Amino acid sequence: MKAKDLAKKLGVSPATISLVLNNKPGISDTLRKSLLRQIQDLGYGQMLCESCREGAAPGQQPAPKAPEPYGGGCACKSIAYLIYHEHDYLEDMNDPYNFFSGVLEGIEAEAWEHDYCLIMLHAGRYKKATVEEQLRRAGNVVGVIVHPCTLNEQMAETARALPVPCVFMDAYTDSTWQPPSVCISNSQGMHRAVEHLKSLGHRRIGYVSSGWRSNLNLERHRCFIEAMKELDLKFDPGDLFVGGDEFRPTGSGLAEAFKAGGAAPTALICEGDLQAIKAIRTLQQMGLRVPEDVSVVGFDDSPVCTSVEPAITTIRNSPQLMGRQCVLMLENLLRLKDLGEEPWLRYELPANLVLRSSTGPAPGDK
């Protein structure tokens, strides 16, 4: 509605309405108050200037508002991403896979969709504050996503004692305690890798381990052995090669292992993509060709797979999807908690084979 139409409706002049709408002096306080009340009652309060809405005296600007606290002082529900480690530094957060940055991206995206804030906490040897103390300080935390470097009984006790549900990311354990978790299907991934090599005629398949005995790495090794059995292939313990620290993709450990083992298998499945890079470089240094002499399969489909020659056939997982599913599992746990249920949920992400040029027919089958 225009000001002149409002003036006509209220039975006053357009000039009077203009003084009222713009909070200008020139009319009595009684008339002003009467017109302001009528304008509000008619539902045209949006036509009033900010000074009128803030109740400032005619001709005066409204008092400045006090600055709001960071975040607007809202009681936004939060999800905590808890990094749990036992050292003064976190090796796998600096990994060249960019895996955990992808997980965080997925968590943040899904948290945003569900109107959660995301905060990051650390717990471990160097931090004196307990997890409970950090959660109290953080505010309205309704759930925790735990990134464990090692899954131990201390961590289990901490998680079970928290008043909010926890979801563990990429957690594998053979104990009776099975925490709610979102994991990659290592079983599916290893089965597809072995099946692919078998279809190319490979019968002697070796395994390359970093030697780091984390729950995840032990799980992958176990799944490889099971896949070999399921596909009627025999695994020779002498074909297990330990390449050393996977976060240093150079070194002589793998070469020494190959030499000690005699003739190399016709194919290698590696614990991770960096171990695959080490294997390829070592084979090439020994005068062996990839994939003509030895095929190599990695795991995780990290960006490095396409930056080497030959490009690495590998098992793909999605860190962003893992992050999103962690948030969705927390949502399910919160709903089930309201129903009085406390289930142990586990969600396995699919593991798909990505074919590149590091695998080929077994020697003699070409």
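The values are calculated or read from the model by the stated rules, or taken from the named source; none is laboratory data. This one's a predicted model, so the numbers in the text were calculated from it and none came from an experiment. Please note: Cβ atoms are built from the backbone with ideal geometry, for glycine as well, and neighbour counts cover all protein chains shown. The area values use the complete protein model at the heavy-atom level, side chains included, leaving out ligands, DNA and RNA. Shrake-Rupley method; radii C 1.70, N 1.55, O 1.52, S 1.80 Å.
Remarks
- Considering region 309-352, and only residues there that are touching a Ser or Thr at 6+ places or on another chain (Cβ under 7 Å) and either open to solvent by 40 Å² or more (accessible area, probe 1.4 Å) or of a type in the set (A, V, I, L, M) (or both), the residue that is farthest from Leu268 (Cα to Cα) turns out to be Arg346.
- Condition met for Pro14 (modelled with pLDDT of 60 or more and not acidic (Asp, Glu)): yes
- For region 15-43, taking the residues that are open to solvent by 50 Å² or more (accessible area, probe 1.4 Å) and not in a helix (DSSP H, G or I), the one that is farthest from Ala3 (Cα to Cα) is identified as Ser28.
- Selection within region 1-13 - without any contact (Cβ under 8 Å) to a residue 40 or more places away in the chain, open to solvent by less than 80 Å² (accessible area, probe 1.4 Å) and in a helix (DSSP H, G or I): Asp5, Ala7, Leu10
- In region 208-216 there is at least one residue matching the filter, namely being touching a His at 6+ places or on another chain (Cβ under 8 Å) and modelled with pLDDT under 95.
So that you can scan it fast, the table gives a plain yes or no per residue for (1) closer than 30 Å to Val294 by Cβ; (2) of a type in the set (D, E, K, R):
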{"position": "Ala129", "(1), (2)": "no, no"}
{"position": "Glu133", "(1), (2)": "no, yes"}
{"position": "Val182", "(1), (2)": "no, no"}
{"position": "Tyr207", "(1), (2)": "yes, no"}
